[in-house]
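Report on one structure; see the data block that follows.
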Amino acid sequence: GTGAACWEVILGFSLPTGMALAQRQVAVQEGPLYRTEGSHVTLWCKVSGYQGPSEQNFQWSIYLPSAPEREVQIVSTIDPSFPYAIYTQRVRSRGIYVERVQGDAVLLHITDLQDRDAGEYECHTPNTDERYFGSYSAKMNLVVIPNSLRVTAVPQTLNKVEHDSLELKCEVSKSTAQHSHISIAWYRQRGSEMPVEVISLSRDFVLRAGSAYAQRQATGDIRLDKVGETTSKLTIYNLHPSDQGEFYCEAAEWIQDPDKSWYAMTRKRSQGAIVNVQATDKEFSVRLETEKRTYIVGEPVEFRCILEAQNVPDRYFSISWAFNSSLIASLGPNAVPVLNNEFAQREALGQLKVAKESDNVFVLKIYRLRLEDSGKYNCRVTEREKTVTGDFIDKESKRPKNIPITVLPLKTSISLEIINNASNVLEGESLRFGCNVRSGFGPQSRLSVAWHLVDKLNRRSEVVRLDREGTLQPGPSYTERSSYGGIQVEQVRPGSFTLEIFNSIKADEGHYECRVAEWTRTLDGEWQMVGERHTGTPVSITALEAGFAVTAISRTPGVTYNESFDLQCIIKPHYPSWVPVSVTWRFQPAGSTEFHDLVTFTRDGGVQWGDRYMGFRTRTAIEKAESSNNVRLSISRASDTEAGKYQCVAELWRKNYNSSWTRLADRTSNLLEIRVLRP
């Protein structure tokens, strides 16, 4: 019910591929869960300890309070006809659907929860084991409650002057019978821009201002007070022109689930209040911003000097930047930067930039920080007046508080480059990555490399590790596969490593990281890790069975006695030659109701004839196209014996790393009816 976050708990005990527990165990989200009408609800279900294919199927049912003993089928991952009539339309329109998170775990989605959806839900997994052993289903209760949250504020337009105060009230009420908490947040929005959080009160009664208003809350200019049982009041003292916009409040009602996590059952926002703030005619203010205060050597830093004033395009401002009270650069009203001494050299080398981003935003950016860049930075804005002679005279200068930053040294100076030969591959193709140390690697150092895979659920697994002595250590989930030669790592030259994964499977999809550690010897001869760097690349794998389809065609549905005719089995998509597909032609004689195998073109290229219609063999040829998996059946001297219905069945196979075979999918073509006409 809490979306993707709930998987951190249930998927934490996932088993490596190929391993199984002693018995099957099905687990569902713990109940009872309380959810509001109209909301989008998810329920998770997970199976473990099973045998058979890694992709398990799931069937969801409900036992309604009005008939607690009667099962009502909702949706299935394997049977489209599974839903009862009451749920058929909602399943077809994806108002109810199952999201497969991985082969053995799913989420049931109910997009628009209704009162009739309350009841006991059962998740069932059809048996794929050699024998029944364990649990095959699990149940939980879902309680549907009315959405009683009400959030109201007076819609109004307020015209203020800079430095005025603003008061806005918001009333939040609920009538939920269960114990629940309320969170409240105020936002400011301008047009199509993203809303900016002003201040919020969390469900745990923690008051916090948004990043744009944190400093002003610290000085007491922003307040959020409770003025009644259901009413809160936002107060902004000393309004700025930047406060202009639409203000509204948003409330969420939270309930604690049985797993002790809190879930936002519903959110609602109030109508907005339009606030216009007129700047004082010739006043202006300046503030300085940067992302953080501590950096590492080589990281970039950007300082933004923001000018708040009325009619900025019609006025003249100059700006200067200072570091530890020494001038870095200045920009006049023409916005052409003039840099000083050492900073001019760094700007010429592309290491530093001073620019005017807009009429009221000026930027100082250092692309690669040095240790000596630690210190205090500031900007000064001066308003200038243009005389009748065209000269400028200074009127007023303002500067904000200094911003000190600290630059820490690097522990290792290596940098990495990752090479991915194919970011989107077909299942079964090899994955090949290169990881190169581009700089900072000295002759006295040694390197170790580890390859990690981070899947779509953000779960990390180590694929393989090559230690500084050159010893290869596959990760726990890849040991067996590596023993068959399915995983290979090679050091091509010092500082250059390759990883190759042969015969890829869908589970190999994700984000691959190369993590290189640098080691040096200490004075006592021991190896010590100096530091580690990592870089990554995404890989998408298309499943072999995606789009797999088969069609039977014939140009001569009506054949004259003793004439020849051809049947073709067309396989799509066009698979590479290494993808094995077997094709079987089946035949149902005219007047019969049963199909029997006529001939099979096996996955290894062999031909197997069925023993039911041996007479076909002497007058029938089967041929597989060299450039595709299409199979042609040619029959000469047609007679009444060959009249009937034909169809072809194609099976898609994959050869596993241990030389075993897995049938991925099978498809049956349309029926072809051949009529043999007497001359």
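The values are calculated or read from the model by the stated rules, or taken from the named source; none is laboratory data. Here the structure is a predicted model, which means the values were calculated and not measured. Reconstructed Cβ throughout: ideal geometry from the backbone, glycine too, with neighbour counts over all protein chains shown. Note: accessible area is taken over every heavy atom of the protein model, side chains too, but ligands, DNA and RNA are not part of it. Shrake-Rupley method; radii C 1.70, N 1.55, O 1.52, S 1.80 Å.
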At pLDDT below 90, open to solvent by less than 50 Å² (accessible area, probe 1.4 Å) and not in a strand (DSSP E or B): does that describe Gly525? yes
Hey, can you tell me all the residues within region 279-301 that are exposed (fewer than 13 other Cβ atoms within 10 Å of the Cβ) and aliphatic (A, V, I, L, M)? Ile296
Only strands (runs of 3 or more DSSP E) wholly contained in region 332-407 count here; list those with 3 or more residues that are β-branched (Val, Ile, Thr). 361-366
Just one of (1) part of a loop (DSSP other than H, G, I, E, B); (2) over 21 Å from Lys572 (Cα atoms); (3) in contact (Cβ under 8 Å) with a residue 24 or more places away in the chain; (4) open to solvent by 60 Å² or more (accessible area, probe 1.4 Å) trips up Ala638, so point out which. (4)
Residue check: is Phe601 open to solvent by less than 30 Å² (accessible area, probe 1.4 Å) and at pLDDT below 85? no
Given the condition modelled with pLDDT of 95 or more and in contact with a helix residue (DSSP H, G or I) (Cβ under 6 Å, 6 or more places away or on another chain), answer yes or no: does some residue in region 46-69 qualify? yes
What number goes with the only condition from (1) more than 30 Å from Leu499 (Cβ to Cβ); (2) open to solvent by less than 50 Å² (accessible area, probe 1.4 Å) that Ala517 does not pass? (1)
Among the residues of region 404-429, the number that are loosely packed, with under 15 Cβ neighbours inside 10 Å and under 19 Å from Ile366 (Cβ atoms) is 4
Here is a check on your reading of the model: is Asn436 over 30 Å from Leu364 (Cα atoms), free of Cβ contacts under 8 Å to residues at least 24 places away in the same chain and either not assigned by the TED database to the domain that holds Arg304 or not aliphatic (A, V, I, L, M) (or both)? no
Is there any pair with a first residue in region 448-462 that is over 25 Å from Ser415 (Cβ atoms) and free of Cβ contacts under 8 Å to residues at least 40 places away in the same chain and a second that is hydrophobic (A, V, I, L, M, F, W, C) and open to solvent by less than 40 Å² (accessible area, probe 1.4 Å) whose Cβ atoms are under 6 Å apart and which are 6 or more apart or on different chains, and what are they? Ser461/Leu453
Can you find, within region 430-475, the residue that is surrounded by the fewest Cβ atoms within 10 Å (Cβ to Cβ) among those that are in contact with a Lys or Arg (Cβ under 6 Å, 6 or more places away or on another chain) and not basic (Lys, Arg)? Gln473
Looking at region 44-87, which of its residues are farther than 19 Å from Val144 by Cβ and not in a loop (DSSP other than H, G, I, E, B)? Cys45, Lys46, Val47, Ser48, Gln59, Gln73, Ser76, Ala85
Restricting to region 232-288, and then to whatever is within 14 Å of Val172 (Cβ to Cβ) and aromatic (Phe, Trp, Tyr), can you tell me which residue is modelled with the lowest pLDDT? Trp254
Considering only region 498-510, I want to know if a residue exists there that is acidic (Asp, Glu), modelled with pLDDT of 90 or more and assigned to a strand (DSSP E or B). yes
Ala546 - would you say it is open to solvent by 30 Å² or more (accessible area, probe 1.4 Å) and under 30 Å from Val454 (Cβ atoms)? yes
With the condition being without any contact (Cβ under 8 Å) to a residue 60 or more places away in the chain and in the same structural domain as Gln156 (by the TED database), I'd like the strands (runs of 3 or more DSSP E) fully within region 203-296 carrying at least 3 qualifying residues. 207-209, 222-226
Can you tell me which residue in region 19-35 is nearest to Met265 (Cα to Cα), limited to those that are modelled with pLDDT of 90 or more and polar (S, T, N, Q)? Gln29
Taking region 466-485 on its own, how many of its residues are without any contact (Cβ under 8 Å) to a residue 40 or more places away in the chain, within 21 Å of Glu509 (Cβ to Cβ) and touching a strand residue (DSSP E or B) at 6+ places or on another chain (Cβ under 8 Å)? 4
Taking the residues in region 564-596 that are within 27 Å of Thr662 (Cβ to Cβ) and of a type in the set (D, E, K, R) as candidates, determine which candidate is most open to solvent (accessible area, probe 1.4 Å). Lys572
Of the criteria (1) at positive phi; (2) out of contact with any His (no Cβ under 9 Å at 6 or more places or on another chain), which one Thr219 fails: (1)
Strands (runs of 3 or more DSSP E) wholly inside region 88-174 that include at least 2 residues being open to solvent by less than 60 Å² (accessible area, probe 1.4 Å) and touching a residue at least 40 places away in the same chain (Cβ under 8 Å): 96-102, 105-110, 119-124, 137-145, 156-161, 166-173
Out of (1) part of a strand (DSSP E or B); (2) of a type in the set (A, V, I, L, M, F, W, C); (3) modelled with pLDDT under 90, the one Ala329 does not meet is (3)
Yes or no: Phe317 at negative phi, more than 37 Å from the chain's Cα centre (by Cα) and either part of a strand (DSSP E or B) or modelled with pLDDT under 90 (or both)? yes
Checking Arg304 against (1) in contact with a His (Cβ under 8 Å, 6 or more places away or on another chain); (2) outside the structural domain of Ala209 (by the TED database); (3) open to solvent by 50 Å² or more (accessible area, probe 1.4 Å), which single condition isn't satisfied? (1)
So which residues in region 410-448 are touching a Phe, Trp or Tyr at 6+ places or on another chain (Cβ under 6 Å) and either within 27 Å of Val297 (Cβ to Cβ) or in a loop (DSSP other than H, G, I, E, B) (or both)? Ile414, Ser430, Cys435, Arg446
Identify, please: which residue in region 337-358 is polar (S, T, N, Q) and farther than 18 Å from Arg304 by Cα and is, among those, surrounded by the most Cβ atoms within 10 Å (Cβ to Cβ)? Asn340
